[in-house]
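Engineer: One structure follows; several queries about it will come next.
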Amino acid sequence: MKTGSAEQEWREDCAPRRVLELFSTKWTSMVLHTLAVRHHGAARSNALHRSLPAISRKMLVQTLREMESAGMVLRTEHATVPPSVDYTLTPLGVQLVEPIELIYDWARRNAGALDALQPRATSRRR
């Protein structure tokens, strides 16, 4: 889409809206970032959970299921005792890491301005 494109091109299922839907939960980008940067593209679920201490196990599982359904990660179950599960970035997931890292880099460079923003009423940031 070009800037200033006709309104009919911004239909509900257009590509920009679909990509934003991939990131409808706040954890999706963080899980992608963590898998890519801290775990080199693959991690067991427990290791991933330890790398994201603020996320509940329930939210992590829900986020990973949504990411698997969207084709961002591949889930592999191992028949071990106790059972273990690996999550690996798919080619699509690897491609999505690049724009996420650009946004994260921008946020780091503009941390002061972001800190000065008033938190939303629903924000945990104080």
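The values are calculated or read from the model by the stated rules, or taken from the named source; none is laboratory data. Since we're looking at a predicted model, the values are computed, not measured. Positions of Cβ are generated from backbone atoms using ideal geometry, with glycine treated the same way; all protein chains shown enter the neighbour counts. For accessibility, only protein heavy atoms count, side chains too; no ligands or nucleic acids. Shrake-Rupley method; radii C 1.70, N 1.55, O 1.52, S 1.80 Å.
Yes/no matrix, rows are residues, columns are (1) open to solvent by 100 Å² or more (accessible area, probe 1.4 Å); (2) in contact (Cβ under 8 Å) with a residue 40 or more places away in the chain; (3) touching a Gly at 6+ places or on another chain (Cβ under 7 Å):
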position: PRO83; (1), (2), (3): yes, no, no
position: ASP86; (1), (2), (3): no, yes, no
position: LEU96; (1), (2), (3): no, yes, no
position: ILE100; (1), (2), (3): no, yes, no
position: ASP105; (1), (2), (3): no, no, no
position: ARG108; (1), (2), (3): yes, no, no
position: GLN118; (1), (2), (3): yes, no, no
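Engineer: Given (1) basic (Lys, Arg); (2) surrounded by 11 or more Cβ atoms within 10 Å (Cβ to Cβ); (3) assigned to a helix (DSSP H, G or I), where does ARG75 come up short, assuming only one miss?
Structural biologist: (3)
Engineer: Could you please find all residues in region 37-59 being open to solvent by less than 40 Å² (accessible area, probe 1.4 Å), touching a Phe, Trp or Tyr at 6+ places or on another chain (Cβ under 7 Å) and not in a strand (DSSP E or B)?
Structural biologist: Passing the criteria: SER45, LEU48, ILE55.
Engineer: For region 81-126, which residues satisfy the criterion of being assigned to a helix (DSSP H, G or I) and touching a helix residue (DSSP H, G or I) at 6+ places or on another chain (Cβ under 8 Å)? Reasoning before the result, please.
Structural biologist: Initially, region 81-126 is screened for residues assigned to a helix (DSSP H, G or I), giving 91-109, 111-116.
Result: GLY93, VAL94, LEU96, VAL97, ILE100, GLU101, ILE103, TYR104, ALA107, LEU114.
Engineer: Can you work out which of the residues in region 84-120 that are small (Gly, Ala, Ser) and touching a strand residue (DSSP E or B) at 6+ places or on another chain (Cβ under 8 Å) is modelled with the highest pLDDT? Walk me through it before giving the result.
Structural biologist: First pass over region 84-120, keeping only residues small (Gly, Ala, Ser): 84, 93, 107, 111-113, 116.
Filter once more, keeping what is touching a strand residue (DSSP E or B) at 6+ places or on another chain (Cβ under 8 Å): 84, 93.
Working: SER84: 90, GLY93: 95.
Checking each candidate, the answer is GLY93.
Engineer: When you go through VAL81, VAL31 one by one, which is the residue that is modelled with pLDDT under 95 and β-branched (Val, Ile, Thr)?
Structural biologist: Values: VAL31 fails: modelled with pLDDT under 95.
When all the criteria are applied, what remains is VAL81.
Engineer: Select from region 19-36 the residues that are in contact (Cβ under 8 Å) with a residue 12 or more places away in the chain and exposed (fewer than 15 other Cβ atoms within 10 Å of the Cβ) and list them in ascending order. Steps first, please.
Structural biologist: Filtering region 19-36 down to residues in contact (Cβ under 8 Å) with a residue 12 or more places away in the chain leaves 22, 25, 27-36.
Listed by number, the list holds a single entry, THR25.
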